[in-house]
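Read the figures in this text as sums done on the coordinates, not as results from a lab. Note that the structure is a prediction, hence the values are computed from the model and not measured. We place every Cβ from the backbone using ideal geometry, glycine too, and count neighbours over all the protein chains shown.
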Amino acid sequence: MILSYKFTKAFLLLFWVFTFICKGQTKQVYSPNSGDLVTIFSKVLNEDRRIYIHYPTPDSGQVNKSYPVLYVMDGESHFDMLSQYTDYLSRWDVKVIPQMIVVGIVNTKRTRDLTPTSSIIDYFGKPDTSAHSWMKPSGGNEAFLQFIRKELMPYVDTHYQTQPFKLFAGHSFGGIASIYCMITHPDMFNAYIAISPSFWWDREYVLKLADKKLKKAAVLNKTLFYSDASEGVTDSSSFHVNLLKFDALLKTKALKEFTYTYKYYPTETHMTEPIVAYYDALRFIYKDWKSTSAK
């Protein structure tokens, strides 16, 4: 009995260790905590795209209610957080923003999709000529935006009760993708959120494009929130300096009907900043919003 017990215990221990090792070697596929998970085949990108969609719980008696839509890049990282933010901030006893649909776009080839040009110039302005450079492939942001416009938006509008008001949110590469979209396709969204936009990309390509495309005193009836954290301040990169350049540029342009703000988070890092910045962005975009129902 004692030998049998010891053998069984040893066998179970080995089985547990083997199972743990196998799990560690298996690539885990992220799934959202709530909402729908759909796969859309994109003809534009010629690939399947995983999409997370969070639909708010309708108020009783308002089953036909429609909602604004927040499209967020890096869906596997920020979808759950923004779903929770929008649910809480629109809750019956808070009501500082409207209920909204959150659409999380999951990455396949992030650098390709979220950068506007093909480049091998890295964060510090030096060329990365390695055969397996993380910067390859790049420059596919235009096609990615067309996927959103021609395929993703029609799907969401067909399957969910949506309002015309749309928001576009991104962090880092997603930040420059958001600003690039506002500059080149401003009609796609009503509000834009750019958390730590990587203006350093391709020798400040998007920063220069903004200076070229945004005409002084032109009408741009959009809302923009942009921010950065403690990055490019003590190191040798131009990260923080570029955000200050962009902020100064917008002040110089004096665009009409354009609402914007810049926030700097010196106590946050590049990866902790989205937690506070997305909250502040939602509050800023809806700072003048008033609930039509009593609290």
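Using only Cα atoms and rounding to the nearest 10 degrees, what angle (0 to 90) does helix 239-253 make with the longest principal axis of the chain?
The two axes meet at around 30 degrees.
When ranked by the protection proxy of mean other Cβ atoms within 10 Å per residue, highest first, what sequence do the peptides 185-193, 204-212 form?
Going by the mean number of other Cβ atoms within 10 Å, highest first, we get 185-193, 204-212.
Nearest 5 percent is fine: what portion of the DSSP beta bridges confined to the stretch 36-285 is antiparallel?
Around 30 percent antiparallel, to the nearest 5.
Mind sorting out which of [x] 50, 41, 39; [y] 73, 46, 34; [z] 88, 60, 42 is the real Cα extents along the principal axes in Å computed from the coordinates?
Entry [z].
Can you tell me the orientation of helix 2-25 relative to the chain, as the angle in degrees between its alpha-carbon axis and the longest Cα principal axis, to the nearest 10?
Once rounded, the angle reads 20 degrees.
Between 0 and 90 degrees, rounded to the nearest ten: what's the tilt of helix 75-89 against the longest Cα principal axis of the chain?
70 degrees
Would you mind computing, in nm to one decimal, how far apart the modelled labels at I120 and K213 are, each placed 7 Å from Cα along Cα→Cβ?
2.7 nm
With the crude spin-label approximation of a point 7 Å out along Cα→Cβ, what separation in nm comes out for D247 versus D280?
0.9 nm
Quick one: if you stick a label point 7 Å off each Cα along the C-beta vector at F41 and M188, how many nm between them?
2.4 nm
Cα-Cα over 32 Å: which of K43/K216; K65/K251; K166/K212?
K43/K216; K65/K251
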